[in-house]
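Read the structure below first, then the notes.
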Amino acid sequence: MSVTPVLEADVLRRQDPELAEILLGELTRQSTTLQLVAAENFTSPAVLAALGSPLANKYAEGYPGARHHGGCEIVDVAERVAVDRAKALFGAEHANVQSHSGSSAVLAAYAALLRPGDTVLALGLPYGGHLTHGSPANFSGRWFDFVGYGVDAETGLIDYDQVRALARTHRPKAIVCGSIAYPRHIDYALFREVADEVGAYLIADAAHPIGLVAGGAAPNPVPYADVVCATTHKVLRGPRGGMLLCGSELAERVDRAVFPFTQGGAQMNTIAAKAVAFGEAATPAFTAYAHQVVANARVLASGLAAEGLVVTTGGTDTHLITVDPMPLGVDGRTARGRLAAAGVVLDCCALPHGDARGLRLGTAAVTTQGMGEVEMARIGALLAEVLREKVESRRARDEVRDLVGGFLPYPG
Ligand SMILES: Cc1ncc(COP(=O)(O)O)c(C=O)c1O
């Protein structure tokens, strides 16, 4: 099934051409520009079909077999399938697939384990912590007393000695490991050891690497963390949403923290789409995909380093790369703007050293499109040419269009 004909033939085009045009415009944008936003991916047509299904109509507060609404017998099956597939995929005793987003999953993890005012140790925001890891603009920073650990200014690697020292000093109720920008595997065993030493819960916010975990291309936090929070829409390639994984002893607390504590009715179309994505992620094809994502990121990182950009930590273990473009004479914000004009879509991010902004890129989406190492080398060279202004942005835009034209996300 291809998306374009579906949209074109769809009732939406006849009933609401204005919105149909917007949807098709976004499809064109995604198909004609280079998607290097590290948090994004292209879901499959099957996932999109589940999202746009009549399950979107169904109210289903509660959990399978214990709902506050009638008529839930079919959606109950969908949620059970999603839960069973998530448990099998990640080797977890319990899964909750109702969180509307990654942030909602983190909120539920805190609600399950903490009380307002508790001390929590997490990666500081300037080093790649997420808003839910203690930002004053977020509930986390207002309701909990966050202490931030950092990364080494030189290596960009998590300063595990500092994690241990801060844990001993502050005796947090929970330690959070996970980041929006950390390109290396996290040492979950070491975090577990520190958490045990100070009697803290360990919460792994694996929003970014969880898809790599599903494909066997990154270590699994489930055996180490009390609760694992994740998104389903990044490398995992599912619908936009969140989930929680934990052992059976915390299952009831986690479920009650999601509903009724922090959410109302579950989005059953999204839960069905999560089930579809978990099914896809359990296939050998997805395992190959996850490893290709990492291989692509490594080639792209070394290409960028060869062009003179400073690659944080000297490379990557994952889908994610952060770089300082300053050696090319351009700061992160200007670099993002220049690249956007050429049709290259990516984000700015904090860098471990100083206040300057860097660039954050990821290879999940381009790998889904079928690009490999050859294309990564081409992308690395093109990015450097654009940043050095060695190529006119119109010519670079044409080159991007030419490149992505051979790898349509939804051909047909
Ligand atoms: C580490 C981490 N936690 C939480 C989130 C929040 O996910 P969402 O945007 O779905 O709320 C993200 C999203 O990028 C993330 O990277």
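The numbers here are math on the coordinates, done by the rules we state, and not lab data. In this text, all values refer to a predicted model and were calculated from it rather than measured experimentally. Glycine also receives a Cβ, built like all others from the backbone with ideal geometry; neighbour counts cover every protein chain displayed.
Taking the Cα centre of each part, how many Å lie between the range 292-363 and the range 89-123? One Cα centre to the other: 30 Å.
Dipole check for the range 284-405: with +1 at the C-beta of Lys and Arg, -1 at the C-beta of Asp and Glu, and the Cα centre as origin, the magnitude is about 220 Debye. Dipole of the chain computed with +1 at Lys/Arg Cβ and -1 at Asp/Glu Cβ about the Cα centre; of 319, 231, 303, farthest Cα towards the positive end is 231.
Each residue of the range 33-45 was assigned a 3J(HN,Hα) from its phi angle through the Karplus expression (A = 6.51, B = -1.76, C = 1.60, θ = phi - 60°), giving 10, 9, 8, 10, 5, 5, 8, 10, 7, 9, 6, 7, x Hz with x at Gly and Pro. Proximity of backbone amide H atoms, modeled 1.01 Å from N, is registered between residue 149 and 122, 123, 124 at under 5 Å, excluding neighbours fewer than 5 places apart on the same chain. Taking amide H as placed 1.01 Å from N in the peptide plane, residue 119 has its amide H under 5 Å from the amide H of 145, 173, each at least 5 places away in sequence or on another chain. Our coupling estimate for the range 102-113, obtained by passing each phi through the Karplus curve with A = 6.51, B = -1.76, C = 1.60 and θ = phi - 60°, is x, 5, 5, 5, 5, 4, 5, 4, 5, 4, 6, 10 Hz, Gly and Pro reported as x. Charge dipole of the chain (Cα centre as origin; +1 on each Lys and Arg Cβ, -1 on each Asp and Glu Cβ, all else neutral): 360 debye, rounded to the nearest 20. Ranking 124, 31, 109 by how far each Cα lies toward the positive end of the dipole of the chain (charges on Cβ) leaves 31 at the top. Annotation: amide H-H contacts under 5 Å for residue 348 (H modelled 1.01 Å from N, sequence separation of 5 or more, or interchain): 360.
For the range 262-273, putting each phi into the Karplus relation 6.51 cos²θ - 1.76 cosθ + 1.60 with θ = phi - 60° gives couplings of 10, 9, x, x, 6, 8, 5, 5, 5, 5, 4, 5 Hz, in residue order, rounded to whole numbers and with x for Gly and Pro. Were the residues from residue 153 through residue 74 laid out at 0.36 nm apart, the gain over their Cα-Cα distance would be 23.1 nm.
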